[in-house]
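Undergrad: Can you read through this structure? Questions will come right after.
The values are calculated or read from the model by the stated rules, or taken from the named source; none is laboratory data. All figures in this text were calculated on a predicted structure; none of them were measured in a lab. FYI the Cβ positions are ideal-geometry reconstructions off the backbone, even for glycines, and counts take in every protein chain you see. Surface areas here come from the heavy atoms of the whole protein model, side chains and all, with no ligands, DNA or RNA. Shrake-Rupley method; radii C 1.70, N 1.55, O 1.52, S 1.80 Å.
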Amino acid sequence: MGYHTFPVDRADALEDPGRYRYCSREELLAMLEPSADGVVADLGSGTGFYADDVAPFVETLYAVDVQSAMHDRYREKGVPDSVQFVTAEISSLPFDDDHLDGAYSTMTHHEYASPEASAAAGEPDGALEELARVIRPGGR
């Protein structure tokens with residue numbers, strides 16, 4: 001399991017619109033530059049707060065979370081058709097090389113950074129290496 005995971009019993013807090021003060025939907029979309037045929041991953045998707053903002057602009061959005069219970073919470077509120085659930089560690093994604101046009105993580109890197117990588121400055125981070133593998137050249 002991840003280095004730290006958000007408590008599922010507090011998942012309602014992930015739907016707080018106050019989160020936009022850290023990253024607005026406009027900022028996220030501008031950074032991703034999504035396309036109608038795009039394939040994007042939300043890393044640490046939780047209840048889908050940001051996935052709901054990106055999903056209408058891409059063909060496929062993978063909601064990636066290490067906790068399947070978070071996917072259950074997302075299903076309860078309703079899921080856009082373009083969303084596919086993936087239960088996996090970020091350091092071990094079930095995608096082919098160069099599969100994604102983009103990926104994003106909002107306020108969740110601390111949840112999948114390994115304690116070993118965090119403790120050893122200059123050591124490679126398995127999650128970042130994995131992202132380099134699955135994001136196509138020129139992806140975002």
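Undergrad: Would you kindly find the accessible area of residue 57, with a 1.4 Å probe and non-protein molecules such as ligands, DNA and RNA excluded, rounding to the nearest 10 Å²?
TA: Surface accessible to solvent at residue 57 totals approximately 100 Å².
Undergrad: Further, regarding this structure: Would you mind computing, in nm to one decimal, how far apart the modelled labels at residue 57 and residue 81 are, each placed 7 Å from Cα along Cα→Cβ?
TA: Each label point lies 7 Å from its Cα, and together they span 2.0 nm.
Undergrad: State, to one decimal in nm, how far the label point of residue 25 lies from the label point of residue 136, with both points 7 Å from Cα in the Cβ direction.
TA: 2.6
Undergrad: With every protein chain present, what accessible area does residue 89 have (1.4 Å probe, heavy atoms only), rounded to the nearest 10 Å²?
TA: 50
Undergrad: Accessible area, 1.4 Å probe, largest first: how do 134, 39 sort?
TA: In descending accessible area the options line up as 39, 134.
Undergrad: Using protein chains only and a probe of 1.4 angstrom, how many square angstrom of residue 128 are accessible, to the nearest 10?
TA: Residue 128 has an accessible surface of roughly 100 Å² with all protein chains in place.
Undergrad: Let me check I've understood the local charge: for residue 31, count other residues with C-beta under 15 angstrom from its C-beta, Lys and Arg +1, Asp and Glu -1. What total comes out?
TA: It works out to a net charge of -4.
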